[in-house]
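Beneath this line is the structure, given in structure tokens, with notes to follow.
The values are calculated or read from the model by the stated rules, or taken from the named source; none is laboratory data. Owing to the predicted nature of the structure, the values given are computational and were not obtained by experimental measurement. FYI the Cβ positions are ideal-geometry reconstructions off the backbone, even for glycines, and counts take in every protein chain you see.
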There are 2 protein chains.
Amino acid sequence: MKMKSFRAGRYLMISARIHIRMLSCQSDSNLRIQNRIANSHSSTVVGGRMLGQYVTNGGDGPNSYAQNSSYQGGVLEVAKPIIEEEISKKLDVKHHSSTFRIADFGCSTGHNSFAAMKIITEAIKRKLETDGQTSHIPDFQVFFNDKVANDFNTLFSSLPSKRLYYASGVPGSFHGRLLPKASLHFAYSSYTLNWLSEVPKEVEDDTSPTWNRGKIHCFGARKEVLKAYSNQYVKDVEAFLESRAEELVAGGLMALIVPAVPAFWNPNTAFTSITEFDILGSCLMDLAEKGRFSKAKVDSFNLPLHYTVPQEFEAILERSHNYTLERMEIIDNPGKCTLPGPKDRASFVRAVFEQLLTNHFGSEIIDELFHQYAKKIAASPLFLDPENDKTIMIFVLLKRKPYDQK
Amino acid sequence: MKMKSFRAGRYLMISARIHIRMLSCQSDSNLRIQNRIANSHSSTVVGGRMLGQYVTNGGDGPNSYAQNSSYQGGVLEVAKPIIEEEISKKLDVKHHSSTFRIADFGCSTGHNSFAAMKIITEAIKRKLETDGQTSHIPDFQVFFNDKVANDFNTLFSSLPSKRLYYASGVPGSFHGRLLPKASLHFAYSSYTLNWLSEVPKEVEDDTSPTWNRGKIHCFGARKEVLKAYSNQYVKDVEAFLESRAEELVAGGLMALIVPAVPAFWNPNTAFTSITEFDILGSCLMDLAEKGRFSKAKVDSFNLPLHYTVPQEFEAILERSHNYTLERMEIIDNPGKCTLPGPKDRASFVRAVFEQLLTNHFGSEIIDELFHQYAKKIAASPLFLDPENDKTIMIFVLLKRKPYDQK
């Protein structure tokens, strides 16, 4: 397999040359369908904790993800022309069936997803028209996926009335199978692969050498902790790629926008999403100091998130066998300019983490926590200029290989 | 087209001979997809009232539909062997694709739907195995449909962990298109076609001769009111049949369980669902007498429900062109035996109507209303014996004709 296209982004460029080769990936197993579906859909309870059910804030209120996801959505401005160009060039419209199926994996309550599905369906329709298939425009069907605990009610009530597709919601973890074999023509996922299926178990075990004492994330922690997170990330992204490979038709495309951090950055002069986690962690420690809860409570709290670096993501793709890489580049996110003040930034972090925090610390600390958070942001001039946010996005376009070709 | 099968049910038999002929039905229009989808999915606001958004009680609490739908679910006990027999005899498994798609139209929060989908998927799997297709068992995909306002969050969190299918939710009114053209292999709908898309407008217009003063339903009302309801019912069922005809593949099956009342019954010695509406109406009038709200408020409240009679339903099928009728019979519902006491019956009616009543009268009257309702039921010995409930169910199995054959 050859890398067919690689362009330097118009934006922040981290790696001038990323050579990608696709290697092996586990083949489709012959597990009985009943077991396969049961496994991929069910949640696992470990140590009394329901794994994989943390989701962003539902509803449409002031603390909802719908009202506080401009940061995550901003990336679509940059990705739009790239997606349109790739669909125009790479989409195989010769062998489509009477239904063209698209899925967004990790759609939340739809605020950013609807914009992406509009771009994708309109681009596909234009491609079909350009290729003279006007009389055979298929019906589009979009599958909006997120975890079972996602607020699908808000998603469904927010669906745009004018749209090119029939809509459906698919509940379940995208680290497993969600759709029938070879039924999907276009897969999309934006700002979601940073979520792990679970916090690495050993990080929360106070008898383990990888116990993450005093911190809520792996960055800046001991190297054992970072390694545990990284291992989990690799396992999770591989499971995602393998599941989508089973769901995609041969020739089907997959566009991924993956939040990441540069391998080297100076936390004294620039911040990334990691900085947010550190501030959140320090606010939790402040509350522990004030006696709101014990420090051990903070020790046992860890974010199920990992921001990859391009080199790590490249290595994961290198081990996959089912796709050809059509495009890979680093893009910046103009969404960061949509959070001008400390309160906006606190609301954005709250919309993402409130449920996780409430599950662990109780809802009574949330207002105080984010009040403290906004104060810390306001106190640092570094955060007041969005240009200092050096979080990056990796854009990847993959094509499913023919099923008999590995 | 000939009626291929008609058996007298083992239960209450209303009509010894129902001759069904399928006649014309509007052909698939060439409307632009965008308009078609927008029209079929959007809700219509008439006179400030959101139409078609009334749903049963969500959640899983004591007043939820999930906890109070044993009546509606009871019918499945009787329908199960019929559905299994029909799938075994009539399902064409020669030309299925790699995915077998099933939809339940009007699934509510899934309590009864999951049981039906289990029966259907297991029967199809057995049929495929019997026909020697063991090596080509397709993936099953089930589409759970209900209105946009339905509690899909509860539906998704209640999905059985062991199931034979990939699950998805489809929001929208089943009186319009919901799925791509010719994409569905098996359609199912139980205890749903009694819901109208809207209350006939003229029934709520106090300047119209069909104004339904003093009552909340058409039965027992003036014949103009009954006619208006009947017209709406016919229009709605035709729209349902036409939409499903576009969604079903040629040869695809549709099983319908339609609540109905005998054309002739004596309200002094037997009751039906209609009786429930009368009692609910009289309780509302009692509250109006007590000054809780005006009598005009009751005059302007009408249930968007119609219970057909076999003759009416037969006439609708006679005008449809897209299906062959494979089976039609009248079945009784053992679910009625699951509501032994007045409070159970009040909870059952509350789970169905609470949202409608709250929208019109406000939530503060609900407890008092259903307390009154239970008292009225308790006061009448007629209701204490479920055998007096003469509500019937029409079971229909239809097969989609080839697309070029009308």
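All conditions in (1) in contact with a Lys or Arg (Cβ under 7 Å, 6 or more places away or on another chain); (2) at pLDDT 90 or above hold for residue A:64, with the sole exception of (1).
Against the criterion of being within 14 Å of chain A (Cβ to nearest Cβ) and of a type in the set (A, V, I, L, M), residue B:128 qualifies.
Here are B:124, B:102, B:120: which of them is touching a strand residue (DSSP E or B) at 6+ places or on another chain (Cβ under 7 Å), in a strand (DSSP E or B) and β-branched (Val, Ile, Thr)?
Numbers: B:124 fails: in a strand (DSSP E or B); B:120 fails: in a strand (DSSP E or B).
Only one candidate passes the filter, namely B:102.
Within the stretch B:105-114, does at least one residue satisfy the condition of being in a helix (DSSP H, G or I), modelled with pLDDT under 95 and within 28 Å of residue A:101 (Cα to Cα)? No, the stretch B:105-114 has no match at all.
Taking residue A:238 as the residue in question, decide whether it is touching a Cys at 6+ places or on another chain (Cβ under 7 Å) and either among the charged types (D, E, K, R) or under 25 Å from residue A:336 (Cβ atoms) (or both). The answer is no for residue A:238.
Taking into account only those residues within the stretch B:160-185 that are surrounded by fewer than 21 Cβ atoms within 10 Å (Cβ to Cβ) and at the interface with chain A (Cβ under 7 Å from one of its Cβ atoms), which is farthest from residue B:92 (Cα to Cα)? If we take residues in the stretch B:160-185 being surrounded by fewer than 21 Cβ atoms within 10 Å (Cβ to Cβ) and at the interface with chain A (Cβ under 7 Å from one of its Cβ atoms), then B:161 is farthest from residue B:92 (Cα to Cα). Consider residue A:241 carefully, then state whether it is away from chain B (no Cβ under 14 Å) and under 24 Å from residue A:279 (Cβ atoms). Judged against the criteria, residue A:241 is not a match. Among the residues of the stretch A:317-329, just one is assigned to a helix (DSSP H, G or I) and surrounded by fewer than 19 Cβ atoms within 10 Å (Cβ to Cβ), namely A:318. Within the stretch A:366-406, being part of a helix (DSSP H, G or I), surrounded by fewer than 19 Cβ atoms within 10 Å (Cβ to Cβ) and not charged (D, E, K, R) holds for A:366, A:371, A:378, A:381, A:382, A:384, A:386, A:388.
The conditions of being without any contact (Cβ under 8 Å) to a residue 12 or more places away in the chain and of a type outside the set (A, V, I, L, M) are met by residue B:161. Of the residues examined, residue B:139 is not one that is under 23 Å from the mean Cα position of the chain (by Cα), at the interface with chain A (Cβ under 8 Å from one of its Cβ atoms) and within 26 Å of residue A:177 (Cβ to Cβ). Touching a residue at least 60 places away in the same chain (Cβ under 8 Å), more than 22 Å from residue B:274 (Cα to Cα) and among the polar types (S, T, N, Q): does that describe residue B:322? Taking the combined requirement at face value, the residue satisfies it.
For the stretch B:142-159, the candidate set comprises residues that are more than 7 Å from chain A (Cβ to nearest Cβ) and in a strand (DSSP E or B); within that set, the residue that is surrounded by the fewest Cβ atoms within 10 Å (Cβ to Cβ) is B:145.
Taking the condition in contact (Cβ under 8 Å) with a residue 40 or more places away in the chain, surrounded by fewer than 22 Cβ atoms within 10 Å (Cβ to Cβ), in a helix (DSSP H, G or I) and not hydroxyl-bearing (Ser, Thr, Tyr), does residue A:312 pass? Judged against the criteria, residue A:312 is a match. The residues of the stretch A:330-348 that are touching a Phe, Trp or Tyr at 6+ places or on another chain (Cβ under 7 Å), at pLDDT 90 or above and either part of a helix (DSSP H, G or I) or crowded, with 22+ Cβ neighbours inside 10 Å (or both) amount to a single one, A:346.
Is there a residue in the stretch A:348-366 that is of a type in the set (Phe, Trp, Tyr) and more than 22 Å from residue A:189 (Cα to Cα)? Among the residues of the stretch A:348-366, at least one is of a type in the set (Phe, Trp, Tyr) and more than 22 Å from residue A:189 (Cα to Cα), which makes the answer yes.
Please verify whether the stretch A:105-120 includes one or more residues that are under 24 Å from residue A:358 (Cα atoms), within 12 Å of chain B (Cβ to nearest Cβ) and in contact (Cβ under 8 Å) with a residue 60 or more places away in the chain.
no
Of all residues in the stretch A:61-104, count the ones that are among the charged types (D, E, K, R), within 18 Å of residue A:146 (Cβ to Cβ) and more than 14 Å from every other protein chain (Cβ to nearest Cβ). Of the residues in that region, 0 qualify.
Residues considered: A:223, A:235, A:215, A:201. Of these, the only one that is over 21 Å from residue A:108 (Cα atoms) and modelled with pLDDT of 95 or more is A:235.
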